[in-house]
Amino acid sequence: MATRRALHFVFKVGNRFQTVHFFRDVLGMQVLRHEEFEEGCKAACNGPYDGKWSKTMVGFGPEDDHFVAELTYNYGIGDYKLGNDFMGITLASSQAVSNARKLEWPLSKVAEGIFETEAPGGYKFYLQDRSPSQSDPVLKVTLAVSDLQKSLNYWSNLLGMKIYEQDEEKQRALLGYADNQCKLELQGIQGAVDHAAAFGRIAFSCPQKELPDLEDLMKRESHSILTPLVSLDTPGKATVQVVILADPDGHEICFVGDEAFRELSKMDPKGSKLLDDDP
């Protein structure tokens, strides 16, 4: 599964201006591309909404080798109720800690050298006050699960992720497709996972030829397929093929064909201007 890559996490944002300020000025990410759509996505990338929406990709570097954030803005929707499903993104950046202090963005110390902060909308980020040991400062995405064993079976045995760490006592596990990629942390919680309206989506790529096999595997194993294999168009850019799955707790997972996605995800030098010029 070394050919699979962790790509991005999708956030629904109610205030695009404030959210971009957080990712750009506090975290220190850059706008990689910005795209506008007149109607809802065939794979519900923007959630269950039919109207005009935009997608802004932000990260510490090109999408080819960085895990980034996809900021989805549905025009006319100002906020989304948070559930308990998304538990945070952890990144190593003393610069982000310094930026937050300078801009007086709220930070709370949760452990030695680790600070918790929130993006607009209430999404949690954990900032390690150190330089990253790899080229991408984004270390892990943490999602809540109701049954760790059931989730490990799904993510590791079916989706082929390697288990890097597992702690039965703390009910947590760390998984990934490669040592140098952003990891997925599964954290067991008491009770059910509630996705509310703000629910996100985690995206991975795989060789395009694996997509039908992945869909067949989930059918055979009686797991949820939210959107069967479909082609998605982006005006003026590459068309990609995706399959949207859901894990045992309903976390949405996008698998996209890697070859076309590398075309689509090329950094747009005009991305920041397109975003800033947009009303």
List pairs: first residue in region 16-37 and part of a loop (DSSP other than H, G, I, E, B), second residue of a type in the set (Phe, Trp, Tyr) and open to solvent by 10 Å² or more (accessible area, probe 1.4 Å) anywhere in the structure, Cβ distance under 6 angstrom, at least six positions apart or on different chains.
29/60
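Before we move on, is residue 70 acidic (Asp, Glu), part of a strand (DSSP E or B) and either open to solvent by 30 Å² or more (accessible area, probe 1.4 Å) or over 22 Å from residue 252 (Cα atoms) (or both)?
Details: acidic (Asp, Glu): yes; part of a strand (DSSP E or B): yes; either open to solvent by 30 Å² or more (accessible area, probe 1.4 Å) or over 22 Å from residue 252 (Cα atoms) (or both): no.
Taking the combined requirement at face value, the residue does not satisfy it.
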Criterion violated by residue 120 - all others in (1) in contact (Cβ under 8 Å) with a residue 60 or more places away in the chain; (2) closer than 20 Å to residue 24 by Cα; (3) touching a strand residue (DSSP E or B) at 6+ places or on another chain (Cβ under 6 Å) satisfied:
(3)
Residue satisfying all of: in region 1-40; touching a helix residue (DSSP H, G or I) at 6+ places or on another chain (Cβ under 9 Å) and among the acidic types (Asp, Glu); most open to solvent (accessible area, probe 1.4 Å) among these
25
Candidates 205, 224 - the one that is modelled with pLDDT of 95 or more, in contact with a Gly (Cβ under 9 Å, 6 or more places away or on another chain) and surrounded by fewer than 17 Cβ atoms within 10 Å (Cβ to Cβ):
224
Filter region 38-63 for residues that are touching a residue at least 40 places away in the same chain (Cβ under 8 Å) and farther than 18 Å from residue 200 by Cβ; which is farthest from the chain's Cα centre (by Cα)?
42
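For (1) surrounded by fewer than 19 Cβ atoms within 10 Å (Cβ to Cβ); (2) among the hydroxyl-bearing types (Ser, Thr, Tyr); (3) assigned to a helix (DSSP H, G or I), each residue gets a yes or a no:
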site	(1), (2), (3)
95	yes, no, yes
98	yes, yes, yes
120	yes, no, no
150	yes, no, yes
160	yes, no, no
Note down all Cβ pairs under 6 Å where the first residue falls in region 173-187 and is open to solvent by less than 10 Å² (accessible area, probe 1.4 Å), the second is outside any loop (DSSP other than H, G, I, E, B) and among the polar types (S, T, N, Q), and they're at least six residues apart or on different chains.
173/166; 186/151
Note on region 227-236: residues at negative phi and either in contact with a helix residue (DSSP H, G or I) (Cβ under 8 Å, 6 or more places away or on another chain) or exposed (fewer than 12 other Cβ atoms within 10 Å of the Cβ) (or both) are 228, 229, 234, 235
Checking 235, 248, 228 in turn, the sole residue that is under 25 Å from residue 151 (Cα atoms) and not in a strand (DSSP E or B) turns out to be 248
Check off (1) open to solvent by 10 Å² or more (accessible area, probe 1.4 Å); (2) within 20 Å of residue 116 (Cα to Cα); (3) not hydroxyl-bearing (Ser, Thr, Tyr) for residue 77 and give me the number that stays unchecked.
(2)
Matching option when the condition is in contact with a Phe, Trp or Tyr (Cβ under 9 Å, 6 or more places away or on another chain), at pLDDT 95 or above and not β-branched (Val, Ile, Thr), among 148, 175, 217:
175
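The values are calculated or read from the model by the stated rules, or taken from the named source; none is laboratory data. Since the structure is predicted, the reported quantities are computational estimates derived from the model, not experimental observations. All Cβ positions, even for glycine, are placed from backbone atoms using ideal geometry, and neighbour counts span all protein chains on display. Ligands, DNA and RNA are excluded from the accessible area calculation, which covers all protein heavy atoms including side chains. Shrake-Rupley method; radii C 1.70, N 1.55, O 1.52, S 1.80 Å.
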